[in-house]
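This report refers to the structure that appears directly beneath it.
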Amino acid sequence: MAKTFPSPTLTAKTIVEYFSKESSELIGLEIGPGTAFAWILQNSVERFVAIVTDPQVERGAVGLAEVAQMRAALKLAQQQRLPVVWLLDTSGIRVTEGVAGIAALRRLVQTVTRLRLDGIRMLAVNLGSVFGGMSMIAALCECCIVHEDALMAVSGPRLIAAADTNGVFEAADLTIVRNLIGGRARAERSHNVLCVSAEDAVIAEQIGAWLGRAPLTPTSGSLLLSAGELASRLKAGTKFSERESPTALGATASGRGSGPIFVLENSLGVTAASCLDLADKVLAIAPTLPASRGITIQLDAPGHSSAPEDEALHLGEYLAHLALVIAVVVRSGTAIDVVVTGSGGGAIQGALGGPATTVAMYPEAVLHVLSPAALAALHKGAPRTEPASLSEALLCGASDFQFPQPEPQDVVE
């Protein structure tokens, strides 16, 4: 029998109030219009920037306005070299904004990965539910604190149920849902997730403990260690391939020579195994490339996988790992260009496009806000959830240019 999901008892407001009572410091930040908030808080030792989503408005959905707010708060954290604590309860990127939501996620991933490499510390606190692209943002942090009632996944329960070919996962059954994507399940499978009791004092204590630890800045070496931990979870095979002999069309999107092309394609969505395999290959080949050559990643997948097998692995961490690998390689001087050859979209678009040097699309390529399978499962068909064309993607910044670039037209006088 289905069980009722509990109402959240832990909120960002109670956490913020707890810190303000302890230190009497509470500085609200002016970060522009939107539903997100940011404060400078302090425990007994250190100040930090808290970025908050509001679950009372559209279930905490994040769109262009909220991403602009978050980036403004992150800029202040970078300027003052302050740690960042994300207090999250969110349904993910706002799908009603259409392809602009994809562009928003790209910008947020770009900023978060850059700041992580710059040494800005980040901690995520899941106060209730963290879904969609925001679960990847949480996974990009050094650590994520959850409680037993919290849920965290790239896909929501209804999408996972729709993708379950065995018919075992029931989206309305709290026990089944928790066993797959609940806070305790996440902490048992990931060394980056800590499950604690849902009490203000306990959460505040864990934030303080994290502030007292040594920072963890992503490097090639640390990412290799992370890859080993992620690989140990994998049971499924990979659907990833490398094209060993690039053709003339294999030149990188921004013209940096005929470098290696990696093809990421799956009509059902990109899997955790594919993310890790691609990250491993990029990390391995980048140091061998001369400065004139870059890496091209060709994408043809309508988004990320919603299969329970992938969510059991915590797909958000695999997407975040891939994003950090791309960011580290690009920072080291190797260009990585993403080219959407058929379909793109979903969280994988943010993981690739955020830290990449450029994102291009074939003229007939499209970006999916929600995959066709997701639309069917959610019974959605609004215009803004339809696939976006190249021109729409260019307009909002989800793509940078057409690939291959059109030949210049002769001027007739």
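Values in this text are rule-based calculations from the coordinates and carry no lab data. Predicted, not measured: the structure shown is a model, and the values here were computed from it. Neighbour counts run over all protein chains shown; Cβ positions are idealised from the backbone, glycine included.
Annotations
- About its Cα centre, the dipole of segment 31-188 is roughly 660 debye, where the only charges are +1 on Lys and Arg Cβ and -1 on Asp and Glu Cβ.
- When TYR318, TYR18 are sorted by how many other C-beta atoms sit within 10 angstrom of their C-beta, beginning with the fewest, the order is TYR18, TYR318.
- Adding -39500 (n - 2.57) for every DSSP H run of four residues or longer, then dividing by how many residues the chain holds, sets the calculated 222 nm ellipticity at -11500 deg cm²/dmol.
- Full-stretch length increase - THR288, VAL57 - with 0.36 nm per residue and alpha-carbon distance subtracted: 78.3 nm
- Measuring r between the beta carbons of SER44 and THR175 and using R0 = 30 Å, the FRET efficiency lands at 0.15.
- Among 286-299, 197-210, 349-362, sorting by the average number of other beta carbon atoms lying within 10 angstrom of each residue, highest first, gives 349-362, 286-299, 197-210.
- Translational diffusion of segment 33-79, µm² s⁻¹ [Kirkwood Rh, Cα pairs; Stokes-Einstein; 10 °C; 1.306 mPa s]: 140 µm²/s
- Taking each residue as 0.36 nm, the span from ARG158 to LEU234 lengthens on full extension beyond its C-alpha to C-alpha distance by 25.0 nm.
- The label point for SER20 and the one for SER267, both projected 7 Å from the Cα toward the Cβ, are 5.4 nm apart.
- Dividing the mean sequence gap of close Cα pairs (under 8 Å, 6+ apart) by how many residues the chain holds gives a relative contact order of 16 percent.
- Computed over the chain, the range of Cα coordinates on each principal axis works out to 71, 51, 47 Å, biggest value leading.
- Within segment 12-211, the proportion of C-alpha pairs whose separation exceeds 20 Å stands at 54%.
- By the count of neighbouring beta-carbon atoms within 10 Å, fewest first, VAL112, VAL193 end up ordered VAL193, VAL112.
- Rounded tilt (10° steps) of 220-233 against the dominant C-alpha axis of the chain: 80 degrees
- Cut-off under 5 Å, modelled amide H: who pairs with ILE295 long-range: ALA335, ILE336, ASP337
- Built amide H within the under 5 Å cut-off of VAL340, gap 5+: LEU299, ALA360, MET361, TYR362
- Amide H partners (placed H, <5 Å) of THR35, local residues excluded: GLU66
- For the options GLY259, GLY133, GLY303, a Gaussian network treatment of the chain with springs between C-alpha atoms closer than 10 Å singles out GLY259 as fluctuating the most.
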